[in-house]
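As structure tokens, the structure follows; a few thoughts come after it.
The values are calculated or read from the model by the stated rules, or taken from the named source; none is laboratory data. Note that this is a predicted model, so its numbers are computed, not measured. When we count neighbours, we look across all protein chains shown, and the Cβ atoms used for this are built from the backbone with ideal geometry, even at glycine. Just so you know, the surface numbers come from the protein's heavy atoms only, side chains and all, with ligands and any DNA or RNA stripped out. Shrake-Rupley method; radii C 1.70, N 1.55, O 1.52, S 1.80 Å.
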Amino acid sequence: MSVTPETAVSYDVRDEVAVLTIDFPPVNALGEPMRRGLAMRLEQAAEDPAVKAIVLVGANDRFVAGADIREFGKPKQGPGLLELQLMMEASEKPIVSAVDGHALGGGLELALAGPFRVAASRAKIGLPEVNLGLLPGGGGTQRTTRIAGPEVALDLILSGKHISASKGKELGLIDEVTDGDVTEAAVAFAKKKAAEGGPYPKLVELTDKVEKVDFAIFEDVRKKNARKWKGMVAPFKIVDCVEAACKLGPRDGLKFEQDAFQECLEAPSRAAQIHLFFAERTAAKVEGLSPDVKLKKISKVGVIGAGTMGGGIAMSCINAGLPVTILEAKQEALDAGLAKVKGNYDISIKRGSRSQEQVDKALALLTPTLEYADLADCDIVIEAVFENMAIKKEIFGKLDDVMKPGAVLASNTSALSIDEIASATKRPGDVIGTHFFSPANVMKLCEVVRGDLASDETIATAMAFAKQIGKVPVLAGNCEGFIGNRILRVYGGEADILLEAGATPWQIDQALKDFGFPMGVFLMRDMAGLDVAWRMRQGRIEAGTLDPDSPEYTPLADRLCEAGRFGQKTGSGYYKYEGRDATPDPEIVAMLEEISAKKGITRRELSDEEIVDTILASMVNEGAKIVEEGYAQRTSDIDVTYAFGYGFPKYRGGPMFWAQQKGLDKVLEIINANYKRYGDRWKPAKLLEDRVAAGQDWEGKPVAG
Ligand code: T1G
């Protein structure tokens, strides 16, 4: 049934109070029918002589989730948020917003345009526009600053965080918090305000928090975040708007904000971050599962291995309120693992990101054990031990004996075959990969790796479990390296080839950092340690699966390891180190000159553009191959994987989005030029060739213009 303004906002008068109920699924966003409905009902209430006050309520226990993100980039229809807010400010009858569930972005801004807000204690509020490459364009930067002061406004808007109703009350954003029915509480509050009589406060005209402001705070926050915000638009504009609220009058401040909002709307980062917003949600959907698939309920988790990964995974689970039994082979390893977890929590308390009470509550859910039998009643168990197939198969054999029927048996392996691990059990349908990223209590990505025999229930349950513990799940097939590491190996290899062509590690790293990566590929390798990959290469050479004489084999990393240069931990690798400070090392250039000469390569100057285009094109080509081979469901899943697990700058939307913005035809040109220069490994993905030939984007829609 299509939504009309009348159904999007219903009208009901209770005890001389008009209750306007917003019902615009799925999250009561400020879509056009809802905006039209709200304007109509506000007028109706203003004219209704039986009405002394007005309450705004969101249906389904949720207030308003903000602007309808699907409308961005399309022509605006119907009254805008600003018009609604002017109507609310002009109302002679007091307006109270009854906030339940969430009031986010434009939803909170709508509520702030009325004089009062009553919130359910479970409600969350926030201004998360920065996550979309935007800023609160409905007066949020102005009203929040004038209500709570510039420091609070900067913290709330730059972080995009959701805060509790009680925190909102403390900051002056909420007037009353109730544990009872929020509509009833709001109606009572509205009646009281009507009885007291107006005029009612216009929050955008408050002044006491913007009078004695130390304007140095704005320059400080710009300087402190300059590196992190490089290439972005919204964060800088947010600071400008909060500063404007302390300098300009209310209406000029709103105008300043509108202009800044428009600039954010037009910036490429808005399209990129909104792409990721929807891509993240789409990634959680599994195509082709049987329609009647039943999720298994996860209420108890087992973790095997209390090392960095096991401890981090356990933290994610207990932070989500799930009891965890964590197992190690030896007491000292268990003790060390628990100490590391406690240490991580101590840091979060010091940083203020968690309270002692929250930490105590989480730790109370963590039960250490040395006995497999203690895992028997867990609904899922996640193995996070050393990357050795024999050890994993032994563990899964034990789990097969111990775990209750139907329990999900997951491995955190980053590269080993899930099918082979599953073969160690008599229940391969229950086996799945859940590849977390270090530090697992921080990184959002979880690659859910489906083996050939994984059941639909197991796949769906693992995807839902990842979301339940606050992760971003992406379904991956069981190819080598799954999605992320398979692409990492490809673009890392191309970076090595660029070294032999004439670039240096620091030039490549800087070019990638200038593009927006937090760190370049060579510095990342030095931090991880070069010896692990070296041993794996040796193993593959011994096994005959890697030919050190092939033209693609780049010996530099071996040379470094043979010289004991394992990276930061040994004081040198691709760089020289003073502690953590990395500096370019002329010795590396000498080694490269010798390697290039031996291969008959004449070293040449490479531009940063060529470096970035080559590396990204190799990512895109591999990503397209992963999709067409069926190891990822869709190209946007490649973007989610890279943005949430591999540091790809979110304001660029991910490698596939970058290619689409640059033009798939242009990226195919780069790939074809490298195909000619380097041969087969650069063979263009058929999916890319087909899209370009058809003049379509990745989703098969015609490319505009
Ligand atoms: N617009 C359109 N669709 C939205 C939406 C939105 N704001 N928020 C969610 N959806 C869709 C989502 O795509 C999914 O669709 C379904 O709703 C459930 O979402 C002027 C400019 C509200 C906390 O950034 O944070 O206001 O996949 O899976 O886990 O200053 O959604 O079912 O088809 O996330 O219960 C600012 C974004 C906008 C809030 C609910 N607001 N949304 O979480 O459900 S910009 C936001 C969320 C703005 C103003 C500015 C979450 C949620 P589908 P979900 P959830």
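Out of all DSSP beta bridges in the chain, what portion is antiparallel? Express it as a percent rounded to 5.
Roughly 30 percent of the beta bridges in the chain run antiparallel, per DSSP.
Apply the Karplus parameterisation 6.51 cos²θ - 1.76 cosθ + 1.60, with θ equal to phi minus 60°, to every residue of the range 473-485 and state each ³J(HN,Hα) to the nearest whole Hz, in sequence, with x for glycine and proline.
Once rounded to whole Hz, the list reads x, 10, 7, 10, x, 8, 8, 5, x, 6, 9, x, 6.
First obtain the Kirkwood hydrodynamic radius of the range 554-705 from its Cα pairs, then insert it into the Stokes-Einstein equation at 25 °C and 0.890 mPa s, and state the resulting D in µm² per second as a whole number.
Diffusion coefficient, whole number: 138 µm²/s.
Once you place label points 7 Å from the Cα toward the Cβ at Lys404 and Val293, how far apart are they in nm?
Going from the Lys404 label point to the Val293 one covers 2.3 nm.
Can you give the Rg to Rh ratio for the range 527-593, taking only C-alpha atoms and Rh from Kirkwood?
1.02
List the residues, sorted by chain then number, that are 5 or more residues from Val96 or on another chain and whose placed amide H is less than 5 Å from its amide H.
Ile54, Val55, Leu56
Kirkwood hydrodynamic radius, computed over distinct alpha-carbon pairs, for the range 1-52: how many Å, to one decimal?
11.1
With no solvent and one point on each alpha carbon, what is the Debye value of log10 I(q)/I(0) for the chain at q = 0.07, 0.08 Å⁻¹?
-0.56, -0.73
Determine ³J(HN,Hα), in whole Hz, for all residues of the range 331-345 in sequence, where each value follows from phi through the Karplus function 6.51 cos²θ - 1.76 cosθ + 1.60 and θ = phi - 60°; x replaces Gly and Pro.
4, 5, 5, 5, 4, 4, x, 5, 5, 5, 4, 4, x, 4, 5
Once the range 301-480 is represented by equal point scatterers at the alpha-carbon sites, with solvent omitted, what log10 I(q)/I(0) does the Debye formula produce at q = 0.11, 0.17 Å⁻¹?
The calculated log intensity ratios at q = 0.11, 0.17 Å⁻¹ are -0.41, -1.01.
With no solvent and one equal point scatterer per Cα, compute the Debye intensity ratio I(q)/I(0) for the range 485-598 at 0.23 Å⁻¹ and report its log10, rounded to two decimals.
These q points yield log10 I(q)/I(0) values of -1.56.
Relative contact order (percent) for the chain, with alpha-carbon contacts under 8 angstrom and 6 or more residues of separation?
With pairs under 8 Å counted, the relative contact order is 9 percent.
Nearest 0.05, what FRET efficiency do Arg677 and Ala563 give at R0 = 41 Å with Cβ-Cβ as r?
E(calc), rounded to 0.05, equals 0.85.
So if we plug the beta-carbon distance of Ser121 and Ile349 into 1/(1 + (r/R0)^6) with R0 = 22 Å, what FRET efficiency do we get, rounded to 0.05?
Computed FRET efficiency for Ser121 and Ile349: 0.40.
Expressed as a whole percentage, what fraction of the accessible surface of the chain belongs to carbon and sulfur atoms when a 1.4 Å probe is rolled over the protein heavy atoms?
54
On the first, second and third principal axes, largest extent first, how far apart are the outermost C-alpha atoms of the range 608-693 in Å?
33, 32, 21
Per residue of the chain, what 222 nm ellipticity follows from adding -39500 (n - 2.57) for every DSSP H run with n ≥ 4, rounded to the nearest 500?
Helix-only estimate at 222 nm: -15000 deg cm²/dmol.
Name the lysines eligible as straight-distance cross-link partners of Lys296: C-alpha to C-alpha under 26 Å, and not fewer than 8 places from it in the same chain.
Lys285, Lys361, Lys392, Lys393, Lys398, Lys404, Lys426, Lys444, Lys467, Lys471
So, for the chain, what is the accessible surface per residue at a probe of 1.4 Å, expressed in square angstrom?
Value for the chain: 43 Å² per residue.
Let me know the longest stretch in the chain that avoids all chymotrypsin sites (Phe, Trp or Tyr not before Pro) found in a DSSP loop with at most 16 other C-beta atoms within 10 Å.
216-385
Tell me, what are the semi-axes, in whole angstrom and largest first, of the equivalent ellipsoid of the range 121-220 as set by the roots of 5 times the Cα gyration tensor eigenvalues?
The three semi-axes for the range 121-220 are 27, 18, 11 Å.
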